[in-house]
């Protein structure tokens, strides 16, 4: 049946609203709601229900005439379609890879840094800022504490279900999984117990006793059961020495589907692998040219070792490393207005990564502003960064904060002209592609004036480019872990600790996610140069950045389309 224009418009709006309602309920991280009614359900039954909803939404979208929709409604409908398509696959993927964050980050195993580590840590700030405004808030908060225990049990149930299906965690990841779970157990009371001085309208003694009981009855036993299962001799005996998704039944097919999901591009693992090798050769040539320019006759690795011995490029401890980030934050601030019209209102800064994550997370992660914390913050791994030279911190800072992740995530969330589905959307290829484009842009803006800093930018480029090779190598082509680590030792210029944690991230944690960075930035950069060539002296980089940032995160082909349309408008004016 053909819909009338009014019916077609209404059908599109209803689909978008329904997609947002389910998305916000499923993604605690994405919604940032305070106070939360409950924590996300990551069990198989909830995933099956969501998959059925996704299929139903896809059927409804198929009946809509997208071409006749006004304004940018087709963009929002496309986000709804991609969200529904992702949900529709989750039931079939669940035992090989699941998405507890609800953001499209498919994790192989639950007790890993970027799954349980990131997921459980995402509850810390909202729970610690929970408002106790009425007497009933104490009971609701206690229910959330018990809900936290339920999430830990669901992660254990999935791990048990994987074992029943012959899907065992690789030995090298299992060795990190137990201490990760035990660290979260040790921190549970501090994380979940509210400070007495902010309990407001509730009976403080009663609430603290309830929370203590909930932690003792639900949370601690859940962590203990999880750790005990991972320590069982019969489970450890079946842990494979090999890594990568393709070693499991259906894993090769799933990885081939994760490549376009994370990159939004029609690429195969073979094509990504070849792109990585070609890019790495180009980076090596750039490094050699830079060393020749400064008169250094040794290899890039030898140049890096020299920097490691130079106190100018070293810092130790959270305060000193944080001061290095602050230096780069201050350096770029006076130059933003000349490069951007569209800027975030929220401020930004840095903080040390929680101790529970320092052993298993390489650099850290960016946390966007929330209703209870207006600061966008990069949480950095001080112990890891203290081990080597910090000539790459400028590149890392501009990737994570301004004009990188903080810029696009904060402007998107603040843009009230966008539907909430768009304001909270997370498109990996766009998010990481923009952040890498931003790190390169910072160099064009003169933010790496010293050769050591330019070498640091090339180091980051090499590190992220190596992901294209080793992620596909381990997950599609059966590379052993040591082959991947040897490739990174030769090409990525990262300390051994970071190489070890990163290779686990790709092969045991969130396969395919790391492909987005260097593929996404290429698409964005090429779109800019196409616009520059078309407009000549009428090109203004601020117009390009408006075209990319104002619509929020979009699949890369749609970003290209937005830039083309902006180019046409300027050319016609």
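Values quoted throughout were computed directly from the atomic coordinates according to the rules given, and no laboratory measurement underlies them. Owing to the predicted nature of the structure, the values given are computational and were not obtained by experimental measurement. Because the Cβ atoms are built from the backbone with ideal geometry, glycine has one as well, and the counts that use them run over all protein chains shown.
Quick notes on this one:
- Value at 222 nm in deg cm²/dmol, rounded to 500, when DSSP H runs of n ≥ 4 in the chain each add -39,500 (n - 2.57): -19500 deg cm²/dmol
- Region 492-509 residues near the modelled residue 284 label - backbone nitrogen below 18 Å, point 7 Å along Cα→Cβ: 492-494
- Three semi-axes of the equivalent ellipsoid, region 470-534, Cα gyration tensor, whole Å, largest first: 29, 13, 10
- Scaled radius of gyration (Cα, divided by 2.2 N^0.38 Å) that region 253-519 gives: 0.99
- Whole-number percent relative contact order across the chain, with pairs defined as alpha carbons under 8 Å at least 6 apart: 17
- Burial ranking of peptide ranges 269-281, 462-474 (average Cβ count within 10 Å, highest at the top): 462-474, 269-281
- Exposure proxy ranking, count of Cβ atoms within 10 Å, fewest first, for 41, 564: 564, 41
- For the pair residue 133 and residue 224, a Förster radius of 56 Å applied to the C-beta separation gives a FRET efficiency near 0.95, rounded to the nearest 0.05.
- Computed Kirkwood radius, in angstrom, where 1/r is averaged over Cα pairs of region 310-357: 13.1
- Shown here: region 108-241, whose C-alpha atoms stretch 54, 23, 21 Å along the first, second and third principal axes, sorted largest to smallest.
- Prolate/oblate/rounded call for region 31-159, Cα gyration tensor, a/c under 1.5 rounded: oblate
- Two-decimal log10 I(q)/I(0) for region 331-405, as the Debye equation yields it once each C-alpha is a single scatterer, q = 0.16 Å⁻¹: -0.64
- Annotation: the antiparallel percentage among DSSP beta bridges lying fully within the chain is about 55.
- By average C-beta atoms within 10 angstrom, highest first, the peptides 507-518, 404-415, 322-333: 507-518, 404-415, 322-333
- The value given for region 414-458 is a Kirkwood hydrodynamic radius of 12.6 Å, derived from the mean inverse Cα-Cα separation.
- Long-range tail of P(r) for the chain (Cα pairs > 39 Å, %): 27
- Extension gain, residue 71 to residue 316, is 83.0 nm, computed as 0.36 nm per intervening residue step minus the present C-alpha separation.
- Volume per residue for region 1-94 equals 107 cubic angstrom (convex hull of Cα atoms).
- Take 178-187, 545-554 and order them by the average number of nearby Cβ atoms within 10 Å per residue, most first; the result is 545-554, 178-187.
- Summarising the label geometry, the points placed 7 Å from Cα in the beta-carbon direction at residue 124 and residue 38 lie 2.7 nm from one another.
- Rounded to whole Å, sorted largest first: equivalent-ellipsoid semi-axes of region 434-544, Cα gyration tensor: 32, 17, 9
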